[in-house]
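Structure first, then comments.
Coordinate-derived values only; no laboratory data. Given the structure is predicted, the values throughout are model-derived calculations rather than measurements. Positions of Cβ are generated from backbone atoms using ideal geometry, with glycine treated the same way; all protein chains shown enter the neighbour counts.
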Amino acid sequence: MTSKIAKIVAKYLAREVKKFAASDEPDRGELLGKYKITPVGNGLFWCEIDAHDPLRYRDEKTGLEFSPALGAFKTDKGSIPKIVQRVKALGLQLKEDDAERSYLIHDSAYQSGTVRVRKSGADWSLLTLTREQADVLMHDCLSADSTPEGKPISRATAFAVYQAVRRFSGGPWKTYRAQDKVRVAAVALAVGGAVGRKLQECPRKASGGRGGVGAGVGSGKRGTGEPDASARRKGASGAGRVAGSGGKRV
């Protein structure tokens, strides 16, 4: 991510977090893109994000777009804690299909701890999120989301879901981050083992360098103890001169 985009994203998320302290209304935005949901049993679904037109939230004020970092993942669709889903409060839209797109973006953010971000039309960059930032992003998505019938998600629902997630979803976030550490350790172990095996497979250098078997035999072949051809010729020539001078060196 470029430093310019990173600063814009940091400023946006910081401003949104502060708005909750002041109970202010979030910026307006819109949800765009495509995805595919397939039931896999036990109340779970397999979500596939379209590669060419991915599901994403676009903030109108900054032009920033946020999209799931995971191309495919398992989800229960509703990021609302089960205890809150059972509340039948008047006017609150708490079904798992209500605001489905917001919950998919939030589920991916929790599972990966990241989100893809870009300015409209630019290349995607990967942003690491804190839990609070992931929850704030979900609230902004909720403010732009609607039910399958096309009814906008109410501000009361968005605020209630945000508060519930902040209160009850710390456990899942910690579980996912612990899994991240296990994966990193496993990858490091696998890479280390592969490097070790590669080093063992490399041919060892032949012995006979300095101080080796062939040392001290003139310019003999390294590691064999035998003089090479030039050394043998020099030896023969020297012997002839010694013999022709009556045994005296010349």
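Observations, loosely collected:
- Stretched out straight at 0.36 nm per residue, the stretch from Asn42 to Arg28 would grow longer than its current Cα-Cα span by 1.5 nm.
- Cβ-Cβ FRET estimate between Arg166 and Arg197, R0 fixed at 41 Å, reported to 0.05: 0.30
- Cα-projected label distance for Lys61 with Lys95, points at 7 Å along beta-carbon direction, nm: 3.3
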